[in-house]
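In what follows, a structure is listed as structure tokens, so that the remarks can point back to it.
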Amino acid sequence: SLWLYLIPMSVLFLSLTAVFTNWFNREKEYNVIASNKILRSGTMSFVNLGAGFIRKGGFGLMSGQILADLFSSLALIMKFFKGNNKAEFKESRLIMKASAKKYADFPIYSMPAVLLDTASKQIPVLLIARWFSGPLTGLYFFALRILSVPSVFFGQAVSQTFFPEFNEKIALGKKEAR
């Protein structure tokens, strides 16, 4: 299927969105993160609904996801380069390179956990799609998305505001321990 070829592109856009969201979280620019989430949700909903009216099938869901990831990552990238001057960026590239070497083992340890978490969420959808009809799978997926909204909403909001504070307190604790 054509959609299989678009998966790497979607993963790239989603990864860029995650990287720049973490950057803006670190810089405590919560308004940028919030407006980007609204942009992503609005794009996905608009494309999903529009494609649903035009054509039946999974086209709307898949294209909505990919376009939402594309617009989300592009908006964050543009905001990042608009707000940072090149001298700071050059200096931070050296710091990032040193940090990448220092924490090179992190993906090795975190990737299996992330893969298992993602698989545990996606396998039921794939099994339902395999054993039951497409509309039933769509209804299950839609119900799953609606039921997960409150926990994702509050979980991300709390983690994004608590994470920088937590890092600051750890840094202060290390300085006090010296």
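Only one of these is out of contact with any Gly (no Cβ under 7 Å at 6 or more places or on another chain), in contact (Cβ under 8 Å) with a residue 12 or more places away in the chain and over 28 Å from Glu27 (Cα atoms): Thr137, Thr161. Name it.
Among Thr137, Thr161, only Thr137 is out of contact with any Gly (no Cβ under 7 Å at 6 or more places or on another chain), in contact (Cβ under 8 Å) with a residue 12 or more places away in the chain and over 28 Å from Glu27 (Cα atoms).
Does Ile128 meet the test of being modelled with pLDDT of 80 or more, surrounded by 10 or more Cβ atoms within 10 Å (Cβ to Cβ), more than 24 Å from the chain's Cα centre (by Cα) and part of a helix (DSSP H, G or I)?
yes
If we only count helices (runs of 4 or more DSSP H) wholly inside segment 11-121, which ones have 1 or more residues that are under 19 Å from Phe142 (Cβ atoms) and at pLDDT 80 or above?
30-54, 59-83
Which ones in segment 1-52 are among the polar types (S, T, N, Q) and closer than 26 Å to Val158 by Cα?
Ser15, Thr17, Thr21, Asn22, Asn25, Asn31, Ser35, Asn36, Ser41, Thr43, Ser45
For residues in segment 16-37 being without any contact (Cβ under 8 Å) to a residue 24 or more places away in the chain and open to solvent by less than 60 Å² (accessible area, probe 1.4 Å), which is nearest to the chain's Cα centre (by Cα)?
Taking the candidates together, the pick is Ala18.
Which of the residues spanning segment 38-51 are open to solvent by less than 30 Å² (accessible area, probe 1.4 Å) and within 16 Å of the chain's Cα centre (by Cα)?
Thr43, Met44
The values are calculated or read from the model by the stated rules, or taken from the named source; none is laboratory data. For clarity, every value in this text was computed on a predicted model and none was experimentally measured. All Cβ positions, even for glycine, are placed from backbone atoms using ideal geometry, and neighbour counts span all protein chains on display. Calculation scope for accessible area: heavy atoms of the full protein, side chains included, ligands and nucleic acids excluded. Shrake-Rupley method; radii C 1.70, N 1.55, O 1.52, S 1.80 Å.
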